[in-house]
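The values are calculated or read from the model by the stated rules, or taken from the named source; none is laboratory data. Small disclaimer: the values here were computed from a predicted structure and weren't measured. Glycine gets a Cβ as well: all are built from the backbone with ideal geometry, and neighbour counts include every protein chain shown. For the accessible areas, the whole protein counts, side chains as well, though only heavy atoms, and no ligand, DNA or RNA atoms are used. Shrake-Rupley method; radii C 1.70, N 1.55, O 1.52, S 1.80 Å.
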Amino acid sequence: MLLAVVRHAESTENATKYSGFYQDPRPWTGPAAHALSRDLVGLTPRGFRQCEWLRTAIEELVGRDLYVFSSPYRRALDTVELALPGRDTDVTELLCEQHYGDATYMTKRQLFALHPDTELDRQTRKHLWRPPGEGGESLAGGVMRRAVAFVEGLDGAESAVVAVTHHTAILALRSVLEGRPVTELVEEARVRKTPNAGVLVYERRGGGFRQVDAAEPDC
């Protein structure tokens, strides 16, 4: 069985991160910011082009016989709709972005001013940092638990699987699939993240997975 882990195509948040969504002081409450991130942030024109690339790339990497899973965030669902049109999709919370709670779209300056007790973990132990407020989850805690559950749920799958998800969820999935410490993957991501519309392909052999291919868009 082949598993393609796909980061959603470029979103308006990715393109205007420091000129639009992160404002100081932030104009929204934590819950409103999270709702904005989850339900309203869609794709850019570049993201549309990346989806066109994905349509061909996924078929070349894992074939046409696919079972598709997606995060419920709009940018992931839009990626599926444009890159894999007409496919039945299993929308699952297990592939959600890390929930940043009251820290969603909050600048670091404002975050550390309001919640100084979070600064050490955020700066030096990012995998353990748990954002303040309702729903806030750490990478090593909530996101990892969801990644483990998703991978365990693939037992018995015969067709190729495509999972469209987010940066932090990909770190957790890679930790599970590759058997690597999440701290190591966090450090690598400080240098370079999986790009928007990037694809990592894993093959299940025996009781584990190994990476067999990867691709990223040139647009």
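The table below lists the values:
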{"item": "Among 198, 42, 86, residue whose mean-square fluctuation peaks in a GNM of the chain (springs only between Cα atoms under 10 Å)", "result": "86"}
{"item": "Förster radius 25 Å - calculated FRET efficiency between residue 114 and residue 36 (Cβ-Cβ, nearest 0.05)", "result": "0.85"}
{"item": "Extension gain (nm, one decimal) between residue 203 and residue 87, 0.36 nm per residue minus Cα-Cα", "result": "39.6 nm"}
{"item": "Within straight-line cross-link reach of residue 126, lysines at Cα separation under 18 Å, skipping those fewer than 8 residues along the same chain", "result": "108, 193"}
{"item": "Kirkwood-based Rg to Rh ratio, the stretch 101-202, C-alpha trace", "result": "1.01"}
{"item": "Helix-only CD estimate at 222 nm, as mean residue ellipticity for the chain, using -39500 (n - 2.57) per DSSP H run (n ≥ 4)", "result": "-10500 deg cm²/dmol"}
{"item": "Cβ-placed point charges (K, R +1; D, E -1), dipole of the stretch 1-157 about Cα centre in debye, nearest 20", "result": "540"}
{"item": "Ratio Rg/Rh [Cα only; Rh per Kirkwood] for the stretch 1-125", "result": "1.05"}
{"item": "Three principal axis lengths of the chain [C-alpha, angstrom, descending]", "result": "50, 37, 28"}
{"item": "Under 12 Å, Cβ to Cβ, from residue 67 - net charge with Lys/Arg +1 and Asp/Glu -1", "result": "-2"}
{"item": "Surface per residue (accessible, 1.4 Å probe) for the stretch 120-219, Å²", "result": "48"}
{"item": "Contact order normalised by residue count of the chain, Cα under 8 Å, 6+ apart, percent", "result": "31"}
